[in-house]
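The next block holds one structure in the form of structure tokens; read it before the comments.
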Amino acid sequence: MGQFLQFAINGLMSGAIYALIAVGIVSVFKATKVVNFAHGYVIMVGAYFYYTFAVLIPGAEWAPAWLASWQPGWLMEMREGLPMFSPMGAVLDWVQNLPRILFGLAGAVLANAALGLLIERTLMRPLMGQSVFAMIMITVGLISILAGAAQLVWTADADFVPHIAPNAPVRFEMFGTTIFLFGADIVNMIVALLIFGAIVAMVRFTKSGVAIRATAEDQSTAYSMGISVPKVFSRAWMLAAATGAIAGAILATRNGISPSLGLFGFSVLAIVLMGGLDSYVGVFIAALAVGVLEAMTQWQLGGDWAEIVPYVAVLVVILIRPHGLFGQKEVERI
Amino acid sequence: MTLTRRSFLATGAAASAAIGTPMILRAQPSEYVFGSSLPMTGPFATAGQLVAPALKMFEDLANEDGGIGGVPIRTTAEDSGYIPQNALANYQRALATEPNLVYYYGDSTGFMKLVAPELRGENARLMGSTSFASELAKPEENPYQYLAGPSYEDQFDILLESIANQGGSTVAFIYSNTEFGRDPLESGRAKAEELGIEVVLEESTKAQGADIPTHVTKLAQSNAEYCILQGYVTGVWPQLIGGARQFGLPTKFMGTFWGMEKLIADRVTAEAGPFLDGYLGVMPYRYSYDNDNAPRYARYAEYQKKNFAGTPLENYMPTWGLQSLCAMELGLMALRQVHEEGKELTADNAAEALASIQNWESGGFFGVPVSMQGNKIGTGRVYQYSAETNLFTPASDWFTV
Amino acid sequence: MITGNLKASYAADERVFDNRNKWAFFAASLAVLAGMAGFANDYVILVACQMGILLIAVVGVNVVTGYTGLISLGHAAFVAVGAYTVAIFHAGFAGVIPDGLMALIAIPVAVAVSALVGIIVGLPSLRVKGLYLAVATLSANFIVIFLIEQEAFAHWTGGMVGINTPAPDFFGWELDTKREMFVLIAALGVLTLLAVQNLFRTRVGRAFIAIRDRDYSAEIMGISLLRYKLTSFAISAALCGLSGALFAYFYARILPEQFELALSLELVAAMIVGGMGRTMGPVFGVIVIVMVPEVIKSLFGVATGGEASMAQLLAPLQDIAFGLLIVLFLLFEPLGLNHMADRALRAMNRWPFAR
């Protein structure tokens, strides 16, 4: 039972990150009716931006020293005599890294939002009103372009990035087993959930959110009601890319940075379809469910089985409910 | 081994050809080509990008010594992205476009296995690789492929034996879900059973971007005293060890050749703290900073200082580069021997010459004279990393399995 | 100058080649292929074989996506099934079936098994279409590769480390060189193109096109969606299976990772670049998709002078070119190279009256 709980919590934590990735795909779909197959690669680029702003720039010679490692007097005093790998030490390490973490996150979000805007302007806008197939395949082409560009710029090096939260271990007893959790993972989960919640709230309550929903309902009606549909498009892409940057940064801290981060996009795509493309609630549930299922599979069957969990899950769900758990049924005219 | 002797031999060969012995059948080509496929992009890009310049160095130094019988050699390096199929395409392209291809250097376990059945007749070349997969050291099946060190199975055996010597009783195998990661598992299991060590966890992970928290949790729950990591190069293993240390796990981590690079260990130490302190692993070669009594290493160092100034290679040759250099020096030695015997540089002759290498004074790579046995050199020793000095230092004597 | 095709009867309308220029083109192509088999150098033969194998699979994708309008991003799975069927069949029936007949039986078996798997993978197409189908087939691709890699089946499939494959043998003529394989691949490639061209003048082919143009309308007109969608999947999977069988014969060993998503995307990309729903489309597409990386490689080699430290930039450039090909064709010429060729031919034909 304790073991079960351990893996359930692990699953929920990765599920929350899936949800954060998924929110990008759903937002773009709601506004533009394009399903972004390349979202995983947008995230990968976001992760590399985080790496650039949190590791490469602070490491450069011309960067101020406090950016790479902030060492005020009180911090140095507190560090004295601390044993290695103590929870307090982890927190202090984090404080030391704080300037570059914040710089990295801010840089990654801005740079990636610019990338989102660029993609929307150059590739998506000319395709307004084209077939589903053309839209899907454009994003598939984008996969290769982004992957190639990232390798060209960052030479595909696998590297390390600072955790966005103190990575102190958390340990407690439950049902007679010790449960281990990483501090950073808990914070990551909270960050992911907060951002997810904020976006859902934004789409529900703010003016631009209403514009997105109106566009989702019917583009030409929205246009005639005075909503600037192209603006909605670019906002949705920027939003997706910006959240993607944070998701990428989190993934990079958990798993190390590498071009293979892009592959997460495919499993999250499966999750999004499972939840039902245009439903935030459905996607949220699907993300957590897949996260937990993956963790359980990992526990019982081993790592290689966990890789196909999202794909099996989406096939089963699609066969039973063709539009996902909470998706709207499409009405087609003949 | 001087120029004069070689040129003397060459003159001798020419003279004997002149009096009518058909010793050299083919006309002397203007160059010999040493082709290679390296993972310059993809998951192992770091390694491939550092090996490429080492090949250039190998070419220059070999040509200083007169190439093969006075004919200069040329190395080529193509990118495979660590995709076996791309490497195979590179090899097939090299076969079709380079008439003087005498040697090929492959870059992954997958490629070497993929290409093995293609190496027949006209399509065969002597072939070294970055892989230490056990299957490649089977002369009866793959006469043209060889290892410039012990196989992963040997390395596992060595680690398991050192665990048994230290009185360990439980071990966990964590490996990447690739041919490279899976290669020594079966024999490792058998060896552990033979030594009375219980394998408490066998965990497969992705080669890149693995779900670290879950893997560490499983390791924590397995309560293994030792953990052997296999199938990683730059990613995953440092994060795993870092995670385990942060959890406060007492598990001792061990690695095989590809997880033993100082550059990566240093990078981890700089970025994340002294997690890797005490990390143990098998390494067939002497690290390049361990250059007492190593004329070859001294020569490399001189070249590196002059030609690689301002790059990571200026003062240090990564183990990945050493492996490639060692493999290619062996290949070159075999080909020179074939030439000196006045035979044609075919793969069969080269493989035969390679297998005859005995008690080689490597001038650096190995601490003891080594021999080719069953297309591999089963020599190595255990090293330990210290986060304070940033060096891997020997933790055992040289031994040959 | 041809201004149109005179068709005086329905039989004439239904001909595979409806004018003499097409006949001439066909004959010329055969002559070129025969010439290549005799005189081309090893490198050309190597590339041509790769193209031929890819071509047959792309024709398969074209049947299901180009003609029937069902998006599939998982066709590499069928290529895998074809390739592994051949390898397993050879191993399983070694000694039972004489060597000289083995390939003659193994190839049809591989095609049939792939068709069967195609029907199973095609089942979701009855419930979903468009994007959902794309993800369903993509998932199927992941799952098939996963199953092949499983240790439990490693006895047959070789698992992750792959499996050695035999050279085909027809009545004692063993095709153990690339040149001999080229003859087989070229022959089967031409046959496949003819068969598909023929398919689309039959009832089945017209049903496919009706489904592509509007599935509900097609159903109302009495076309059974169940039957024809599955037929389409079966035919296209069968062609991919044939391609897989040739793949297995061409290479001496196959690995599961050769049939992953990347191959599926390559197949679809070749179809888009060449022209969807056109017989010659896959031919153009495959030539471009295979040649562009090769051309970039040689240009790059000239530009950098073979500098080893630059070689790491090549693969990213090839990746970007691949992506750009897909994107640019979809943006500027969604009907593909085939359409560009049509326009060029028409302009030549009617010059100076049309451009």
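Checking each residue in segment B:72-89 for being facing chain C (nearest Cβ under 10 Å), outside any loop (DSSP other than H, G, I, E, B) and more than 19 Å from residue C:256 (Cβ to Cβ) picks out B:74, B:75, B:78, B:79.
Look at segment C:147-167 and say how many of its residues are in a helix (DSSP H, G or I), farther than 18 Å from residue B:84 by Cα and either more than 24 Å from the chain's Cα centre (by Cα) or aromatic (Phe, Trp, Tyr) (or both). Final tally of qualifying residues: 6. Is there a residue in segment B:112-123 that is more than 8 Å from chain C (Cβ to nearest Cβ), touching a residue at least 40 places away in the same chain (Cβ under 8 Å), buried (at least 24 other Cβ atoms within 10 Å of the Cβ) and in contact with a Phe, Trp or Tyr (Cβ under 9 Å, 6 or more places away or on another chain)? Among the residues of segment B:112-123, not one is more than 8 Å from chain C (Cβ to nearest Cβ), touching a residue at least 40 places away in the same chain (Cβ under 8 Å), buried (at least 24 other Cβ atoms within 10 Å of the Cβ) and in contact with a Phe, Trp or Tyr (Cβ under 9 Å, 6 or more places away or on another chain), which makes the answer no. If you go through segment A:134-184 and keep only what is closer than 19 Å to residue A:92 by Cβ and facing another protein chain (nearest Cβ under 7 Å), you end up with A:160, A:167, A:169, A:182. The requirement of being under 30 Å from residue A:133 (Cβ atoms), of a type outside the set (Asp, Glu) and surrounded by 14 or more Cβ atoms within 10 Å (Cβ to Cβ) is not satisfied by residue A:55.
What are the pairs with Cβ atoms under 9 angstrom where one residue, in segment B:248-267, is over 20 Å from residue B:108 (Cα atoms) and the other, located anywhere, is acidic (Asp, Glu)? Sequence gap at least six, or different chains. Taking only residues 6 or more apart or on different chains, the pairs are B:250/B:225; B:251/B:225; B:252/B:225; B:267/A:159.
Among A:129, A:141, which is modelled with pLDDT under 85 and of a type outside the set (A, V, I, L, M, F, W, C)? First the steps, then the outcome.
Numbers: A:141 fails: modelled with pLDDT under 85.
Going through A:129, A:141 in turn, just one is modelled with pLDDT under 85 and of a type outside the set (A, V, I, L, M, F, W, C): A:129.
Within the option set C:196, C:144, C:204, C:135, being under 23 Å from the mean Cα position of the chain (by Cα), β-branched (Val, Ile, Thr), within 14 Å of chain A (Cβ to nearest Cβ) and over 21 Å from residue C:106 (Cβ atoms) holds for one residue only, C:135.
Considering only residues that are within 14 Å of chain C (Cβ to nearest Cβ) and polar (S, T, N, Q), look in segment A:105-133 and name the one that is nearest to residue B:41 (Cα to Cα).
A:122
Scanning segment B:95-110 for residues that are touching a strand residue (DSSP E or B) at 6+ places or on another chain (Cβ under 7 Å) and more than 9 Å from every other protein chain (Cβ to nearest Cβ) yields B:98, B:100, B:101, B:102, B:103, B:104, B:105, B:106, B:107.
Is it true that some residue in segment B:158-181 is in a helix (DSSP H, G or I), under 22 Å from the mean Cα position of the chain (by Cα), more than 30 Å from residue C:258 (Cβ to Cβ) and among the β-branched types (Val, Ile, Thr)? Yes - at least one qualifying residue is present in segment B:158-181.
When you scan segment C:1-100 for helices (runs of 4 or more DSSP H) that lie fully inside it, which ones turn up with 1 or more residues that are closer than 25 Å to residue A:311 by Cβ, out of contact with any Lys or Arg (no Cβ under 6 Å at 6 or more places or on another chain) and of a type outside the set (Asp, Glu)?
Counting at least 1 such residues, we get C:42-61, C:76-92.
When A:315, A:269, A:263 are screened for being within 12 Å of chain C (Cβ to nearest Cβ) and without any contact (Cβ under 8 Å) to a residue 24 or more places away in the chain, only A:315 passes. Screening segment C:42-59 for residues that are over 16 Å from residue C:273 (Cβ atoms) and small (Gly, Ala, Ser) and picking the one that is farthest from the other protein chains (Cβ to nearest Cβ) gives C:52. Only one of the listed residues (A:16, A:22, A:54) is modelled with pLDDT under 90, under 25 Å from the mean Cα position of the chain (by Cα) and either within 14 Å of another protein chain (Cβ to nearest Cβ) or more than 29 Å from residue A:280 (Cα to Cα) (or both). That residue is A:54.
If you check C:186, C:210, C:218 for being small (Gly, Ala, Ser), touching a residue at least 12 places away in the same chain (Cβ under 8 Å) and more than 18 Å from residue C:246 (Cα to Cα), only one passes: C:210.
Conditions (1) aromatic (Phe, Trp, Tyr); (2) over 23 Å from residue B:234 (Cβ atoms), marked per residue:
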{"position": "B:329", "(1), (2)": "no, yes"}
{"position": "B:344", "(1), (2)": "no, yes"}
{"position": "B:353", "(1), (2)": "no, yes"}
{"position": "B:359", "(1), (2)": "no, yes"}
{"position": "B:374", "(1), (2)": "no, yes"}
{"position": "B:379", "(1), (2)": "no, yes"}
{"position": "B:386", "(1), (2)": "no, no"}
{"position": "B:393", "(1), (2)": "no, no"}
{"position": "B:399", "(1), (2)": "yes, yes"}
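Might you check whether a residue that is assigned by TED's automatic domain parsing to the domain that holds residue B:142 and closer than 25 Å to residue B:163 by Cβ occurs anywhere in segment B:310-323? Looking through segment B:310-323, at least one residue is assigned by TED's automatic domain parsing to the domain that holds residue B:142 and closer than 25 Å to residue B:163 by Cβ.
I'd like to check something: does segment A:252-271 contain any residue that is among the hydrophobic types (A, V, I, L, M, F, W, C), within 14 Å of residue A:34 (Cβ to Cβ) and either at pLDDT 90 or above or surrounded by fewer than 24 Cβ atoms within 10 Å (Cβ to Cβ) (or both)? Yes, that holds for at least one residue. Being within 14 Å of chain B (Cβ to nearest Cβ) and surrounded by fewer than 20 Cβ atoms within 10 Å (Cβ to Cβ) holds for only one residue in A:92, A:102, and it is A:92.
With respect to (1) modelled with pLDDT of 85 or more; (2) in contact with a strand residue (DSSP E or B) (Cβ under 8 Å, 6 or more places away or on another chain); (3) not in a strand (DSSP E or B), the lone exception for residue B:28 is condition (1).
When segment A:192-204 is limited to residues that are buried (at least 20 other Cβ atoms within 10 Å of the Cβ) and under 16 Å from the mean Cα position of the chain (by Cα), the one that is farthest from residue A:26 (Cα to Cα) turns out to be A:192. For the residues A:59, A:11, the requirement of being within 13 Å of chain B (Cβ to nearest Cβ), without any contact (Cβ under 8 Å) to a residue 12 or more places away in the chain and touching a helix residue (DSSP H, G or I) at 6+ places or on another chain (Cβ under 7 Å) singles out A:59. Taken as a whole, the structure leaves residue C:18 outside the set of residues that are among the charged types (D, E, K, R), surrounded by 15 or more Cβ atoms within 10 Å (Cβ to Cβ) and in contact (Cβ under 8 Å) with a residue 40 or more places away in the chain.
Being farther than 23 Å from residue A:257 by Cβ and within 13 Å of chain A (Cβ to nearest Cβ): is that true of residue B:194 here?
Spelling it out, it is not the case that residue B:194 is farther than 23 Å from residue A:257 by Cβ and within 13 Å of chain A (Cβ to nearest Cβ).
The values are calculated or read from the model by the stated rules, or taken from the named source; none is laboratory data. Values in this document were obtained by computation on a predicted structure and should not be read as measured data. Cβ atoms come from the backbone with ideal geometry, glycine included; neighbour counts cover every protein chain shown.
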